[in-house]
Amino acid sequence: MTWLLVIAGAAVGAPLRYLIDRFVQSRHNTTFAWGTFTANVLGSLTLGVLTGAVSTGDERLHLLIGTGLCGALTTYSTFSYETLQLAAAGARFYAVANLVLTLTCGLGAYYVGSFAAQAIWV
């Protein structure tokens, strides 16, 4: 029955990703994929907070929020696709910026969330 927790989290995460993407992207008149970038960084931050706060290893919470919600909220496939589309369209600076910013900000957000949660809850 643990798969139900993943499904429940993903049922919230996937529409949330879409709404974040559309909301953010509609406010930027650029070819850079700000919506996907924002969703990925927020998902990384959320996963970091979860990991830092639940150091006891509550598997159900990790399945619901970590695997389900954050797995559906973040999207490596869309990130890859948009980066390749930018490169193919000749916007190579944006493609490289998307690659570097998404990876560094995503990892940074994870660690900030994890350290902040540990400082608050542990």
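The values are calculated or read from the model by the stated rules, or taken from the named source; none is laboratory data. From a predicted model like this one, the values you see are computed outputs, not experimental measurements. Cβ atoms come from the backbone with ideal geometry, glycine included; neighbour counts cover every protein chain shown. These area figures cover heavy atoms from the full protein model, side chains too; ligands, DNA and RNA do not enter into them. Shrake-Rupley method; radii C 1.70, N 1.55, O 1.52, S 1.80 Å.
What to note about this one:
- Degrees between helix 92-121 axis and first principal axis of the chain (Cα, 0 to 90, nearest 10): 20
- Correct option for volume of the Cα convex hull per residue in Å³ [calculated from the coordinates] among (i) 159; (ii) 103; (iii) 91: (iii)
- For the chain, accessible area per residue (1.4 Å probe, heavy atoms of protein chains only), Å²: 60
- In plain terms, the chain from VAL96 to TRP121 could stretch by 5.3 nm, reckoned as 0.36 nm per residue minus the Cα-Cα distance.
- In this simple spin-label approximation, GLN85 and LEU61 carry label points 7 Å from Cα along the Cα→Cβ vector, and these lie 3.7 nm apart.
- Taken one residue at a time, the phi angles of region 10-27 give Karplus couplings (6.51, -1.76, 1.60, θ = phi - 60°) of 5, 5, 8, x, 5, x, 5, 4, 4, 5, 4, 4, 5, 4, 5, 5, 5, 9 Hz. Gly and Pro are set to x.
- Of ASP58, ASP21, the residue with the largest accessible area leads and the full order is ASP58, ASP21 (1.4 Å probe).
- For peptides 79-85, 26-32, sequence by mean Cβ density within 10 Å, most packed first: 79-85, 26-32
- Rounded to the nearest 10 degrees, the angle from helix 34-53 to the longest Cα principal axis of the chain is 20 degrees.
- Principal-axis analysis of the Cα atoms of the chain puts helix 76-88 at an angle of about 10° to the longest axis.
- Share of carbon and sulfur in the accessible heavy-atom surface of the chain [1.4 Å probe, %]: 70
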